[in-house]
Every structure is written in structure tokens, then in C-alpha cells.
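The values are calculated or read from the model by the stated rules, or taken from the named source; none is laboratory data. Model, not experiment: these values are computed from the prediction. We place every Cβ from the backbone using ideal geometry, glycine too, and count neighbours over all the protein chains shown. Each accessible area value is taken on the protein alone, full model and side chains, heavy atoms only, with ligands, DNA and RNA left out. Shrake-Rupley method; radii C 1.70, N 1.55, O 1.52, S 1.80 Å.
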Amino acid sequence: MPIKLKDVSYTYSQKTPFAFEALKHVSLDIKDHSFLALIGETGSGKSTLVQHLNGLLLPTSGEVQISNYMLSIENGKRKYVDLNKSQNKKYRKKQFDIRNLRKYAGLVFQFPEYQLFEETVLKDICFGPKNFGATDQEAEMMAKEAIQLVGLDESYLSRSPFELSGGEKRRVAIAGIIALNPSVLILDEPTAGLDPQGEREMMELFKKIYDAGKTVILVTHNMDIVLKYVKEVIVMKKGEMLAHTTPLKLFQDEKFLINTAIEPPFVFKVARELIDNGLDIELDKIKDISSLVKEIERVKHE
Amino acid sequence: MEENISVELENISFGYSKEVTNIDNISFKVKEGEYLTLIGHNGSGKSTIARLITGLLLQRKGNIKIFGETMTDDNVLKLRKDIGIIFQNPDNQFIGSTVRDDIAFGLENDCVPEDEMEGIIQEYAARVGMDEYLDKEPSNLSGGQKQRVAIAGALARHPKILIMDESTSMLDPKGKRGILNLIHKIKENDPLLTIISITHDIQEAYNSDHVVVISKGRKILDGTPDEVFADSKKMIDMKLDIPFFKKLNIELEKSDLSKYKSNSLESLVKKLCR
């Protein structure tokens, strides 16, 4: 079931001198099986927005619906309504347990490596599944599967998370969320600070999760990632949503790019320059350097 | 006159536990006023080196010299006064309850008179583009904004050596460029400031004076950007990034399109679009 934001605003430290409106009247539809990037300058509200998607923040005004879970604040009180129940008379209680939503939509924070806390990697990855009711044995199975998915082998499970490198810690932290097998995986700048190979492996992992039918939503500043992997892109600025479009349309809209200080990937600029000079390559095929070379090869061999 | 060496590592080895060696016999020298970039894959030991230079970690073997003075337990606090360090995660270095307090913290430690403080805070906050945020609470700032404050706090203390441990990796492209331009501007004003930047930003490394490449705790390459980036294949083997046209040329070669190999967009257009 889709994700819907209806006129969502969020103010930090409301009714204090520090009050700051981080989201302003954002309305948004995300279909099932989406692969979406949120972009925008630092402070544009991206992280605030994603924290609404698993109920970590509740909108100051407006409504958030994730699958059948509806979240809002009414008269200063948190309101969690399960839409499946609210339409069915046999349920007296219409609320849902927030844990169900957290299991449905898994959020990986910025710098998740700083949240590791257990003695071993195994215990750390098992923490989430156990919280959601898995037995020790089940949790261990999930951990074994998750650690391999993030590109580390099982020998890491017995190690202390604190002796790992930054990149390895990041993978362990992401494994902790992937182990829950969420239907929607949300990641706040998952590749920041990774080396190029680590970045590629991480993005291939998210693509695999998307290909398996899940929704993947990520916050990023990396336009190469936007071009190569995602199907949709949302542009944020000063708490407002400026656009919800495709990477191809975004990177062709020069006026918009200038206004928002977004720079298209260099490979995209190169492709456009070649097209402008009469080379018959197809812009929508260009995802990265190797697809550019494939297009050049096609044109030159025809 | 011989040039001053601001930081020197002499045969440094280090391990986080007895069984492992995370840094294996690394030596290099950084000249005063030099912009050094330290690059390497995740887990290569770059951040460990930064912590060794600041005396936050103690090496197993070897010596670290700051302006010729060997670091010991007795002088580490004194030597550290000349070193500003900016970590990757700004949350780990925020102390004040407002942006103003946070920048003031370092100045208070240095016993800067109170009547001078406000001017210094204003100046450095403006330099990093955060002067409108002086009364804001750090927890309400975005990651990138916090990092700008951390940079202002470090620079306000006039360090002779500034270490940046991936400190632009969380900024958006515009913010990143802004900070790098800022660092360059500060270096113009203060040519003797030594910068040691740990980075994955290949463009930053390209524009620096001196590049040291670390892999698996060992020093692999040490030289000018031109020297270090000459061997693209070696860089790829070490999981490092290379400039766009070098990557493109490798791909063109693979597809038997070597005749289109180019080193700039202009020459590529010329060769492909006749």
C-alpha cells in the first residue's frame, strides 16, 4: 500500500524561542515498489521528511499515511489509526502498535554506525528482530542472511562492532534494519563517506532490495546515484517540496537546476554535449560511463 | 633555508588490539603551509592516522613530530594547541547550547578576553555562512550546518595545523564547494597554515599540494597529485576514484573504441561528432 503525505508541516521546538519550521505543507504520493531519491541542500528538510515515514516524527499539522497506518496529531495528542480496523466495525480499538509501522518501514539514519552498541555484531543485528518478537534462533538466522546481503561474511558476527572500520560499521548498522525485512526501506545518506567501491556495493544492494519488490527511499547529495539508480526524485528546498519528477526530466530542466543549485552528473552533461553536436545517442539510456560507452558503440557500429 | 616540517611521522605502527596491526610502519612529512590529502579505501587507516597525529591514540612504534618536537606524554597538551581537528560527525564535537556558545567554547579555553570574543565569533560564523544562526540550538541544525559551525570553532582558535577527517563528506555539493573554497581562502590569508585532509573527494586531492595514499594500513603512494594519479589502474585496484576522462578512456578501450580516447570534453566532441 502506498505512502501519502497530506499537507504535512513540522516545527521543531514548537512554542519555544528556538521554534523552527522544517517542513511546510508537503503533500506527496509514493506508490508501492518505488525507488526514490530525496535531494536538496543541507537544511532543506529531507531528514525531517524521512523521519515522518516511520512515525519517528509526527506532523505538527497534516496527515501521514503509510500503508494502512495513519498518523497525525489531534488536540496535541498522537493519533495512530489503523485504516483496516477503522473501516471494520468488529474492531473497537482503531489504534495500531507503532512497532508494526516500524517493522513495515525501516529507517536507517545518517551515520548509523554511531548507533551500534552491542558486544558483538551478531547481538547488534539481532537487537531489532528480537524487539519485534523473533526467537534467538530466528534472529540469528536473520542476522546471518543480513550480514551477507551487506557484503560482509559470517566471521564478522563474532567480532566487536567497535573494532570495525567506519565503512564496515555502516554495513553492520544497515544489516540491523535489513534483517527486519521491511517493505519500505528508508536510508538517510547511506553512502556518505564510503569509498567508491563501497558506494557501488551499497547501491547494488539497495537495487536488489528494490528488484525484490520493496520500496527504497534514500536521501542523497550524489547526483550520479540519482541518475544511475532511482526512478523518481523529490527536490526539497527550505522545507518545501519543489518537484517530484524523474531524474531524466530533472537533469534536463536547466532553469530549475540553476534555481536550485543542482548540478547534473558530469556524464549527463557530456552526453548532452555530444547530442547537441549531432551524435545520435539516446539520452534516456545514459546512466553512467559504461552505458555512455555502450551508446557510442551502438551509434558507431550502425 | 630548509623548509619547516610541520608534521612528521617516523615509522609509525599501531594496532587497536595486540593481535592486529592497523597502521604498519608509515612515514611521511608534511611541510609547513602544505595542503596534504590523505586518501584510501574505508578501513585503510586514514582516520587512525589523524588520531595518532593529535595524540588521541598512542602509537606502538615510531615517533610523531610536530614542528620538529617529538610528541610525548609531557608535551602532548602543548603541541595539541597548534592543531585543530574536525571530525566526520559534527554531533560528536558539539558542546555549546547555541551556535554562539559552541564557537565560544574553544575561545574560552584559550582565555580570549570576553570583549574580543563576540567579534571573533561573528567573523568566523560569517566566514562559514552561519552568522544568521548564532542563536540557534545545534540540535535543530542539519548535519551540514553543524559541520560548518565546527569548522568555524576550530578556525577561530588560529591553529597552525588543521586536520579535516572527512569533514565535508556530509555536506551537499554546494556546501562542500563552499567549505573547500573557504579553506583555500583562509590559506591565502594564512599561507603557513598546514592542512591535512582525509577525503574521498578525488577533485579535492587533485587540487591539493601533496597526496598520500594508504591501503590496509600501509603507505602505497606519496607525491604530488600528478605523480600519484598517473597510474589509474593502480588507483582502481585500491578501490579509489579516478577522474572522469580516465575512467571513460578505460571503458572505451574495453569496447575497442580506443580511437575516441580523450582527455577533455572538447576533444571527445571533436573525435565523435564530425
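List of remarks:
- Put simply, the Cα atoms of the protein assembly as shown extend 88, 69, 51 Å along their principal axes, the longest span coming first.
- If you wrap chain B in the convex hull of its Cα atoms and look at it from every side, the mean projected area works out to 18.4 nm².
- Annotation: the antiparallel percentage among DSSP beta bridges lying fully within chain B is about 50.
- Note on A:Lys15: no aspartates and glutamates have a C-alpha under 12 Å away, same-chain residues under 8 apart excluded.
- Relative contact order %, chain A, counting alpha carbon pairs below 8 Å whose residues are six or more apart: 20
- Overall size of chain A from C-alpha positions, given as principal axis extents largest first: 66, 49, 43 Å.
- Between B:Asp74 and A:Ser155, the C-beta separation translates, for a Förster distance of 45 Å, into a calculated FRET efficiency of about 0.60.
- For B:Lys65, the aspartates and glutamates whose Cα falls under 12 Å of its own Cα, not counting residues fewer than eight places away in the same chain, are B:Glu8, B:Glu10.
- Taking the centroid of alpha carbons for each part, the range A:1-79 and the range B:102-179 are 30 Å apart.
- Out-of-range pairs (alpha-carbon distance over 18 Å; input B:Lys46/B:Lys239; A:Lys228/A:Lys294; A:Lys208/A:Lys269; A:Lys249/B:Lys247; B:Lys46/B:Lys247; A:Lys249/A:Lys300): A:Lys208/A:Lys269; A:Lys249/B:Lys247; B:Lys46/B:Lys247; A:Lys249/A:Lys300
- For chain A: accessible area per residue (Å², 1.4 Å): 47
- Counting Cβ atoms of other protein chains within 10 Å of each residue's Cβ and taking the mean over peptide B:95-102 gives 0.
- With all protein chains modelled, accessible area of A:Tyr69 [1.4 Å, Å²]: 30
- Per-residue ellipticity at 222 nm from helix content only, as computed over chain B with -39500 (n - 2.57) for each DSSP H run of at least four residues, stands at -10500 deg cm²/dmol.
- B:Thr72, B:Thr199, reordered so the largest accessible area comes first (probe 1.4 Å): B:Thr72, B:Thr199
- Cross-linked pairs A:Lys285/B:Lys176; A:Lys4/A:Lys79; B:Lys61/B:Lys234; A:Lys24/B:Lys174: Cα-Cα separations exceed 21 Å for A:Lys285/B:Lys176; B:Lys61/B:Lys234; A:Lys24/B:Lys174.
- Taken residue by residue and averaged, Cβ atoms of other chains lying within 10 Å of the Cβ of A:160-172 number 3.
- Partner lysines whose Cα lies under 21 Å from the Cα of A:Lys130, excluding those fewer than 8 positions away in the same chain, are identified as A:Lys103, A:Lys144, A:Lys169.
- Per-residue average of Cβ from other chains inside 10 Å of A:187-199: 5
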